[in-house]
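Bear in mind these aren't lab numbers, they're just calculated from the coordinates by the rules spelled out. The shown structure was predicted, so the numbers you read here are calculated from the model rather than taken from an experiment. Note: ideal-geometry Cβ built from the backbone for every residue, glycine included; neighbour counts use all protein chains shown.
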Amino acid sequence: MLEIRDLHSHYGFSHVLQGVNLTLRPGECVGLFGRNGVGKTTTMRAIAGWIKQISGSITYNGQEIGGLASNAICRLGIGFVPEDRRIFPGLTVEENLKLGLMQTAGRSGAQEAAALERAYDLFPRLKQRYRQMGTTLSGGEQQMLAIARVLVGDQKLLLIDEPTEGLAPQIVDEIFAIMRKLKSEGHAILLVEQNVKRALDITDRICAMERGRIILEGDGNSQADRDALMKAIAV
Amino acid sequence: MLDYMQFVLAPQMLNGFAFGIAIVLMALGLTIIFGLLDVINMSHGEFFAIGAYAGVVLLASGVNFWVAVALVPLLMLPVGVLTERLLVRQVFDSADRHTLTLLLTLGLSMIFYDGLKMVFGPNPLRPDNPIPGGIEVAGVFLPAYRMFLIFLGAAIIAAVWAIIYKTSLGAMIRAAAFDRNMASSLGVPVSAVYSATFAFGTALAGLAGILLAPIFSVFPTMGHEFIVIAFTVVIVGGMGSIKGAVLAGLLLTQVQAIASLIISPVWTDPILFGIMVLVLMFRPQGLFGRLGHG
Ligand SMILES: Nc1ncnc2c1ncn2[C@@H]1O[C@H](COP(=O)(O)OP(=O)(O)OP(=O)(O)O)[C@@H](O)[C@H]1O
Ligand SMILES: [Mg+2]
């Protein structure tokens, strides 16, 4: 489904990604782990088309997407829940959510209304606060909004970057429950998460990243691979 | 005293109001372009002048004034799209975008300015007032064309506000103004939104140009003269703020109108700049916040 080959990227003089290779199959949840600053977010941004200075290849269902505009990549079915949530401040909760409808072209009004309704069912708190400005939500609610906003589109692959960062344990539980549900509904997920133990509950495959490369890849359900991962990313 | 109100103050304020509405139309384009694209469009004044001259040409070739008022903004759309696509876009992703776009649009304004002077000559042209006369209300004479300008302008300002704040297109514009990457990743066609917004701002400037033509006449330096006030309005109101452009536009033109009754009109511009300097000193972000920034 997603195939990354020898991906390099630079920020000015710093060579951040130094040949990333990563494969994601349909319906699979892959965990991407590593210490701070190793290039996890940069990898996500490269896939989403936020970073233009890249070399190597990123293909999605056989099509090269490296260098495409973010909105073109989005239209192919890739949804992005970025690290810092990126809720639009001047927009209400509902406006933020409705913007997500644009991810998928060609749906009828009724289909779009149903998509919104589904998102509100999944996150009832958002429904209660739909007229509030998006950035007046709590951190946890903003994270829910960022996820819901992507879910109102009909995306097949979700890139989710540190969804539980800085959130209370109860909210963390909720977010993991949602991700588990998404996986069971058939979404492929590329997940970056500092809370490795929790993430291992839902990942099929695990990757450890170090200085811009994937240094280890393994089966998320194998204890030996899990141990190797923990060792690889230990501080 | 009453006579003074009736024959001097009220007409002067009304003039100021009509002028203010036209300035707001211009400032709106400027502030939306800045709020969304982060570009200080130095050629905005020339877009205003081009709109006025396009009106003059249309009228001279026998087009009815009202048709011309509708046509000029439409004719300005391609001017805006081309400027954005061919010039602004080329340097948009460079690190010193602010300087480059500023110089680029400044250069463009010089070309337009000299172009207009070459084609139309240095002398002012003045279209006939399309609705001469007026009505009297409570002893105050209300010139019909100025009243028309006020109502049409107010309706357009209200429509712009409604589009930006009440429609999904407006939500796209506000989202793209704040976070271009995220908006794009949600499927917003950011580059088309940029072109369309730039063109829309250009059309508003052109519209202001033809609307003011029968009052202030049309001359090559008009862009320079009006852009200075429009920039003052945008800075006082808050770069990128729609509400700010409207309030500051109406307020500053009233200050100018009333001040010119008391002191020599040549001193009214320094008063406006004085207000701008004070605002910059004590509230550098302007009276209101930027488009898309809460
Ligand atoms: N805009 C930028 N300009 C310059 N350097 C950057 C930029 N963004 C990231 N970097 C650098 O690139 C490297 C990788 O950053 P990245 O955000 O991908 O790391 P990460 O693995 O997501 O880290 P974290 O776990 O802290 O989120 C870091 O050294 C970072 O300082
Ligand atoms: Mg990161």
Self-check item: HN-Hα J in Hz across region B:45-51 - Karplus 6.51, -1.76, 1.60, θ = phi - 60°, x for Gly and Pro
Solution: x, 6, 4, 4, 5, 4, x
Quiz item: For the protein assembly as shown, what proportion of DSSP beta bridges, expressed in % and rounded to the nearest 5, is antiparallel?
Solution: 60 percent
Practice problem: For region B:145-234, just list the percent of Cα-Cα distances falling in each 10 Å bin from zero outward, please. | Solution: 14, 37, 30, 16, 3
Quiz item: Between A:His15 and A:Tyr130, what length in nm is gained on full extension when 0.36 nm per residue of separation is reduced by their alpha carbon distance?
Solution: 37.2 nm
Quiz prompt | Relative contact order (%) - criterion: Cα under 8 Å, at least six apart; region: region B:1-131 | solution = 30 percent
Quiz prompt | Selected from B:Gly20, B:Gly244, B:Gly107 as most flexible by GNM, with chain B as the system and alpha-carbon contacts under 10 Å | solution = B:Gly107
Quiz item: What residues qualify as long-range amide H neighbours of A:Phe80, i.e. H under 5 Å apart, gap of 5 or more or another chain, H built at 1.01 Å from N?
Solution: A:Leu159
Quiz prompt | Shape category assigned to region B:190-294 from the gyration tensor of Cα positions, a/c cut at 1.5 | solution = oblate
Quiz item: For the protein assembly as shown, what value does the Rg/Rh ratio take when both radii are computed over Cα atoms and Rh is the Kirkwood radius, given to two decimals?
Solution: 1.08
Exercise. Could you please report the charge total around A:Ala228, scoring K, R as +1 and D, E as -1 over all other residues with beta-carbon less than 14 angstrom from its beta-carbon?
Key: -2
Practice problem: Report the relative contact order of region B:15-76, percent, no decimals, based on alpha-carbon pairs under 8 angstrom and at least 6 residues apart. | Solution: 23 percent
Quiz prompt | Vicinal HN-Hα couplings computed from phi for region B:121-136 (Karplus, 6.51 cos²θ - 1.76 cosθ + 1.60; Hz; Gly/Pro x) | solution = x, x, 7, x, 10, 9, x, 4, 5, x, 10, x, x, x, 10, 10
Quiz prompt | Of B:Phe47, B:Gly133, B:Tyr4, farthest towards positive along the dipole that unit charges on Lys, Arg, Asp, Glu beta carbons give region B:1-140 | solution = B:Phe47
Practice problem: Under a 10 Å cutoff between Cα atoms, tell me which one of A:Val150, A:Val172, A:Val81 has the largest fluctuation in the Gaussian network model of chain A. | Solution: A:Val172
Self-check item: Interchain or long-range residues, amide H under 5 Å from A:Glu210's placed H
Solution: A:Ile215
Practice problem: Using only Cα atoms, tell me the angle between helix B:10-37 and the longest principal axis of chain B; keep it within 0 to 90° and round to the nearest 10. | Solution: 10 degrees
Exercise. Mind grabbing the base-10 log of I(q)/I(0) for chain A at q = 0.14, 0.16 Å⁻¹? Debye formula, identical points on the C-alpha positions, no solvent, two decimal places.
Key: -0.89, -1.16
Practice problem: Post the alpha-carbon centroid distance, region A:161-235 to region B:167-204, in whole angstrom. | Solution: 35 Å
Exercise. Take the alpha carbon atoms of region A:5-43, find their center, do the same for region B:13-84, and report the distance between the two centers in whole angstrom.
Key: 48 Å
Quiz item: Rounded to a whole number, what is D in µm²/s for region B:95-206 from Stokes-Einstein with the Kirkwood radius over alpha-carbon pairs (25 °C, 0.890 mPa s)?
Solution: 135 µm²/s
Quiz item: Ordered by residue, what ³J(HN,Hα) values in Hz, to whole numbers, does region B:180-197 give under the Karplus form 6.51 cos²θ - 1.76 cosθ + 1.60, where θ = phi - 60° and Gly and Pro are x?
Solution: 4, 5, 5, 4, 5, 5, 9, x, 5, x, 4, 5, 5, 5, 4, 4, 5, 5
Quiz item: About its Cα centre, how strong a charge dipole does region A:1-126 have in debye, to the nearest 20, once Lys and Arg get +1 and Asp and Glu get -1 at the Cβ?
Solution: 200 debye
Self-check item: Relative contact order (percent, whole number), chain B, Cα cutoff 8 Å, 6+ residue spacing
Solution: 37 percent
Quiz item: Can you list the GluC sites (Glu not before Pro) in region A:154-215 that are in a DSSP coil and have 13 or fewer other beta carbons within 10 angstrom?
Solution: A:Glu185
